[in-house]
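What follows is a single structure, written as structure tokens, with notes after it.
The values are calculated or read from the model by the stated rules, or taken from the named source; none is laboratory data. Every value quoted in this text rests on a predicted model; they were computed, and no experiment measured them. Please note: Cβ atoms are built from the backbone with ideal geometry, for glycine as well, and neighbour counts cover all protein chains shown. For accessibility, only protein heavy atoms count, side chains too; no ligands or nucleic acids. Shrake-Rupley method; radii C 1.70, N 1.55, O 1.52, S 1.80 Å.
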Amino acid sequence: MSAWGRLVAFVVVLLGTFGTAYSLGEKLPGHSHNHTHGPASLVPPGFENNGYKLITDNIAVDGDVRTATFHLEMSDGMRVTNFPEVHGARLHTVLVRPDLSDFSHIHPKIADDGSWTVTVDQPGQWHIVFDSNPDNKPVVVSANLDDETKVEPKPLPEADDDVVVKGLHIVRTGLDFSVTAEDGSKAQGLEPYLGMAAHLIAVRTGDLAYVHLHPGMDMQGMFMFGTKLPQPGTYRLFLQFGLNGEVVTVPFTAVQA
């Protein structure tokens with residue numbers, strides 16, 4: 001049996017060094033929804049949360065492509081099939097390296113039986129977070145995938161809160177982000193992403209605890225996500241927003257005292 005055939009979902013605390021790069025992501029979905037905002041909680045890794053359990057159905061290998069199929073079960077063992085759309089998707093899925101050197105935010109299609117499939121086409125370890133709202137209850141669960149290929153960890157980049165990406169000047173102050181053109185003029189082409197002006201996904205180094213934040217108000221060129229992260233630690237922040245039909249992802253390193 002191959003290494004990927006032996007793959008299982010499990011709960012671990014992963015230690016390592018961290019890094020990532022700027023990226024331009026998926027095409028911008030055309031959703032528009034109303035959302036409520038409240039205090040966000042940091043969720044530690046695990047495949048049980050809020051009375052629900054993540055089940056790994058199958059691992060398949062086709063050349064360099066690995067696919068894993070999952071579903072959720074309630075405490076009574078019943079399979080979950082009701083996934084209301086929240087923040088523009090029925091299921092938010094975040095894939096990160098254990099060292100946070102790579103990041104992807106995707107939205108797998110949920111089948112009628114409540115299952116979904118995630119495809120990974122790069123070797124090594126991956127931490128996968130599933131964020132959904134089955135039966136209108138927030139549930140965040142996660143799994144770790146490992147094909148036993150050794151991938152050297154990358155160091156966590158130093159904090160740089162003043163960056164230029166895709167012709168935009170982005171400055172972070174706490175959890176506030178200002179976005180202008182490089183010359184300081186008003187940024188052009190900014191668009192909502194998944195019904196919000198922006199999204200902020202934070203993953204803590206060491207234990208890979210996760211939180212997904214949304215801005216408290218819509219202000220052109222200013223994304224404000226609150227005063228601080230829920231708990232102390234060193235985090236990799238992934239700011240996402242729409243730009244001319246694409247999704248831009250901008251990472252930051254942040255320390256919360």
* Give, in nm to one decimal, the length gained when the segment between T173 and Q220 is fully stretched (0.36 nm per residue of separation minus the Cα-Cα distance). => 15.3 nm
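Provide the gained length on full extension for the span Q188 to D113, in nm with one decimal, where the gain is 0.36 nm per separating residue minus the Cα-Cα distance. Show your work: numbers first, answer last.
Values: separation 75, 0.36 × 75 = 27.00 nm, distance 4.27 nm.
Once the chain is fully extended between Q188 and D113, it gains 22.7 nm.
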* Structure fact -> Excluding residues fewer than 8 positions from K166 in its own chain, the lysines with Cα under 19 Å of it are K27, K186
* Using alpha-carbon pairs under 8 Å, 6+ residues apart, how would you state the relative contact order of the stretch 144-209 in percent? -> 14
* Structure fact -> Here FRET efficiency (C-beta to C-beta, N58 to E152, R₀ 45 Å, nearest 0.05) is 0.90
* To do: Using label points projected 7 Å from each Cα along Cα→Cβ, tell me how many nm separate V163 and M78, to one decimal.
  => 4.4
* For the stretch 48-169, with all protein chains present and a 1.4 Å probe, just round the carbon and sulfur fraction of the accessible area to a whole percent. => 45
* Linear extension gain, N136 paired with Q256, 0.36 nm per residue minus alpha-carbon span -> 40.1 nm
* **From phi via Karplus (6.51, -1.76, 1.60), per-residue ³J(HN,Hα) for the stretch 54-66 in Hz, x at Gly/Pro** => 7, 10, 8, 8, 6, 10, 10, 10, 9, x, 8, 9, 10
* Under a point spin-label approximation (7 Å from Cα along Cα-to-Cβ), what is the Q231-E85 distance to one decimal in nm? -> 3.3
* **Furthest towards positive pole of dipole, H214, M224, V203, structure part the stretch 178-236, Cβ charges** => V203
* Structure fact -> For K53, the aspartates and glutamates lying under 13 Å Cα to Cα, once residues fewer than eight places off in the same chain are dropped, come out as E73, D76, D131
* Distance between the stretch 192-219 and the stretch 75-148 - C-alpha centres, whole angstrom -> 16
* Phi to ³J(HN,Hα) by Karplus 6.51 cos²θ - 1.76 cosθ + 1.60 over the stretch 203-213, Hz, x for Gly, Pro -> 10, 7, 5, x, 9, 6, 4, 10, 8, 10, 10
